[in-house]
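A short write-up of the structure that comes next.
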Amino acid sequence: MWGGRFADGPSAIMREINASIPFDKALWRQDIAASRAHVAMLAACDIVTDDDAETIIDGLEKIAAEYEADGVPENWDLEDIHMTTEARLAELIGPVAGRLHTARSRNDQVATDFRLWTRDTIDQTLAGLQALQCALVSRADEHSGSIMPGFTHLQTAQPVTLGHHLMAYYEMVSRDVARFTEARARLNQSPLGSAALAGTGFPIDREMTAQALGFDAPTANSLDAVSDRDFALDFLAAASQCALHLSRLAEEFVIWASQPFGFVRMPDALSTGSSIMPQKKNPDAAELVRGHAGRIVGCHTALMVTMKGLPLAYSKDMQDDKPPVFEAAGLLQLCIAAMTGMVDGADFRTERMRQAAELGYATATDLADWLVREADIPFREAHHITGAAVKLAESKGAALDELSLTELQDIDARIDDRVYSALSVEASVAARASYGGTAPDQVRKQVAKARQKLGMDT
């Protein structure tokens, strides 16, 4: 492959460290698509004959059928998917196969293939995220009025609705969708025709190949085009943030499924048992989603460190760009599918959630707000009064709404019997009717907007 420059072939060590076919064979569909577009352009520009182009395209179609049926063979002497395909093409059609590589290099070839693969993967990821969003919205709609404790510091804070809680994750995933969409838009320029680093002396039409491959335009600088992996880092950055969101949701399920909480029964299909304790039902899928987030973040870090000190243009270090992207993409799509199934199949124990919301004096803020609103007391003073009421209730082992009016008036005489209307968990969530709040009406409004955006009602 290296031609007349080398008298001897590579050593066994060089052969092994240099070969990328075990992982870059994943690019075969993109490699064949880019080769077809390239040779069609060469024919249109009269750089190769129409007959040669047709012969090459027919050969590429045969190779694609072989790969689809039997997989890509791994001949490490051929190094990568590009040379593997070109060698097979030569076997099928003879010397005319050598014309395919006119006016291109493996540098722009791999940059093009990798962009196409990343673009395809983003599209698959976006489809998965939409399914997760639909699951979250459907369950939020179902539970727009189901009351549960809201937490800060994992301590009971204020009552919220389960629908509101689930819609918080819808918002997170919406930002993930935006990040992947923006990454896709940035990557959608074609490096093909940049050749090794300086462009080519052949009269090629880069606009034609860009259009054929669905790119918005060709890249503007050949040096940048062959050495740029920002698109892969963009993908990994979006994947890392998305994995963090999935991990947070998975952690919620792990906590909620534990016996002390008992907020949810996990789907059997996404749980496992114990080899020794027959009563166990472990939330292993959620735990693995949580664990996979670390691996995805690690993939992002790995590629950043690989790229951080590379001069222009291509360096062989960049052969290591694909494994972390491939690994992260596979893990992320698996995590998205697992969390979609978990949200869809979860059996939420809403009565248990409501009982928990009544514990921990979750309506204390409502008492303080009532004092401000009805008794015209400054909030800081109302906060102090409420703290005294909570202390008394704790000493009696009672809820706030179980304190007598006399006991409350002993703390502050401005309290009257209207206060009890503010101390139930139902009153608490209903009062949070500001835009984006937890009141059931607000949750239903946000659900309706989300359903319309996702096209769930069409």
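The values are calculated or read from the model by the stated rules, or taken from the named source; none is laboratory data. Just so you know, these numbers come straight off a predicted model, no measurement behind them. Note that we place each Cβ from the backbone using ideal geometry, even for glycine, and neighbour counts take in every protein chain shown. The area values use the complete protein model at the heavy-atom level, side chains included, leaving out ligands, DNA and RNA. Shrake-Rupley method; radii C 1.70, N 1.55, O 1.52, S 1.80 Å.
Computed from backbone phi with θ = phi - 60° and the Karplus coefficients 6.51, -1.76 and 1.60, the 3J(HN,Hα) list for the range 183-191 is 4, 5, 5, 5, 7, 7, 10, 8, x Hz; x is used for glycine and proline. Going by accessible surface with a 1.4 Å probe and the largest first, Arg373, Arg229, Arg354 read Arg373, Arg354, Arg229. A Förster distance of 25 Å, applied to the separation of the beta-carbon atoms of Asp51 and Gln211, puts the FRET efficiency at 0.55. Here the chain exposes an accessible surface that is 52 percent carbon and sulfur, computed with a 1.4 Å probe and the other protein chains kept in place.
Can you pull the Kirkwood radius for the range 236-383, inverse mean 1/r over Cα pairs, to one decimal in Å? Don't skip to the end; give the middle numbers.
Details: mean 1/r = 0.0528 Å⁻¹.
Taking the inverse mean of 1/r over all distinct Cα pairs, the range 236-383 comes out at 18.9 Å.
Simple rule: put +1 on each Lys or Arg Cβ and -1 on each Asp or Glu Cβ in the range 270-350, find the dipole, and look at Leu303, Gly330, Ser271; the Cα lying farthest toward the positive end is Ser271.
Here the range 37-141 is described by how far its Cα atoms reach on the three principal axes: 63, 33, 24 Å, from widest to narrowest. Judged by the gyration tensor of its Cα atoms, with axes a ≥ b ≥ c, the range 183-239 is oblate; a/c meets the 1.5 cut and b/c is at least as large as a/b. Placing unit charges on the Cβ atoms of the charged side chains and taking the dipole of the chain about its Cα centre, the candidate lying farthest along the positive direction among Ala196, Ala12, Gly262 is Gly262. For the chain, relative contact order (Cα pairs under 8 Å, six or more residues apart, normalised by length) works out to 17 percent. The three principal axes of the Cα atoms in the range 368-424 give end-to-end lengths of 29, 20, 19 Å, sorted in falling order. Dividing the helix sum by the residues of the chain, where each DSSP H run of 4 or more adds -39500 (n - 2.57), gives a mean residue ellipticity at 222 nm of -20000 deg cm²/dmol.
For the range 223-235, the Karplus equation 6.51 cos²θ - 1.76 cosθ + 1.60, evaluated at θ = phi - 60°, returns couplings of 4, 5, 4, 7, 10, 7, 10, 4, 4, 6, 5, 4, 4 Hz by residue, with Gly and Pro reported as x. Partner lysines whose Cα lies under 24 Å from the Cα of Lys316, excluding those fewer than 8 positions away in the same chain, are identified as Lys25, Lys308. Here, the range 113-215 is characterised by an Rg to Rh ratio of 1.29, where Rg is the alpha-carbon radius of gyration and Rh the Kirkwood radius.
What FRET efficiency would be calculated for the residue pair His101, Asp123, taking the C-beta separation as r and a Förster radius of 30 Å, to the nearest 0.05? If you can, show how the numbers build up before the last one.
Details: r = 29 Å, r/R0 = 0.96.
E between His101 and Asp123, to the nearest 0.05, is 0.55.
Between Met304 and Leu334, the distance separating the two model label sites (each 7 Å from Cα on the Cα→Cβ line) works out to 2.4 nm.
Can you give the percent of C-alpha pairs in the range 343-397 whose distance is more than 16 Å?
Values: 811 of 1485 pairs.
So the portion of pairs separated by more than 16 Å is 55 percent.
The gain in end-to-end length when the Glu402 to His383 segment is fully stretched comes to 4.9 nm, 0.36 nm per residue minus the alpha carbon separation. Accessible surface calculations at 1.4 Å, restricted to protein heavy atoms, place the chain at 47 Å² per residue. Measuring r between the beta carbons of Gln452 and Arg248 and using R0 = 35 Å, the FRET efficiency lands at 0.85.
Toward the positive end of the charge dipole of the chain, with +1 on the Cβ of Lys and Arg and -1 on the Cβ of Asp and Glu, the farthest Cα among Gln442, Leu78, Ala237 is that of Gln442. Dipole check for the chain: with +1 at the C-beta of Lys and Arg, -1 at the C-beta of Asp and Glu, and the Cα centre as origin, the magnitude is about 760 Debye.
Starting from the exponent 0.38 and prefactor 2.2 Å, build the expected Rg for the range 328-439 from its residue count and divide its actual Cα Rg by it. Present the calculation step by step, with values, prior to reporting the outcome.
Working: Rg = 19.4 Å, N = 112, 2.2 N^0.38 = 13.2 Å.
Normalised by 2.2 N^0.38 Å, the Cα Rg of the range 328-439 equals 1.47.
Sites listed here are GluC sites (Glu not before Pro) in the range 49-147 whose DSSP assignment is loop and whose Cβ has at most 14 other Cβ atoms within 10 Å: Glu74.
How do Val372, Val325, Val160 rank by accessible surface area computed with a 1.4 Å probe, from largest to smallest? Spell out each step's value before the answer.
Working: Val372 55, Val325 0, Val160 30 Å².
From most exposed to least exposed: Val372, Val160, Val325.
For the chain, the Kirkwood estimate of hydrodynamic radius, built from reciprocal distances between every pair of different alpha carbons, is 26.3 Å. Put simply, the Cα atoms of the range 13-58 extend 42, 20, 16 Å along their principal axes, the longest span coming first.
Multiplying the sequence separation of Ala90 and Met14 by 0.36 nm and subtracting their Cα-Cα distance, what value in nm do you get? Intermediate results must be reported in sequence, preceding the final value.
Details: separation 76, 0.36 × 76 = 27.36 nm, distance 2.48 nm.
24.9 nm is the gain from fully extending Ala90 to Met14.
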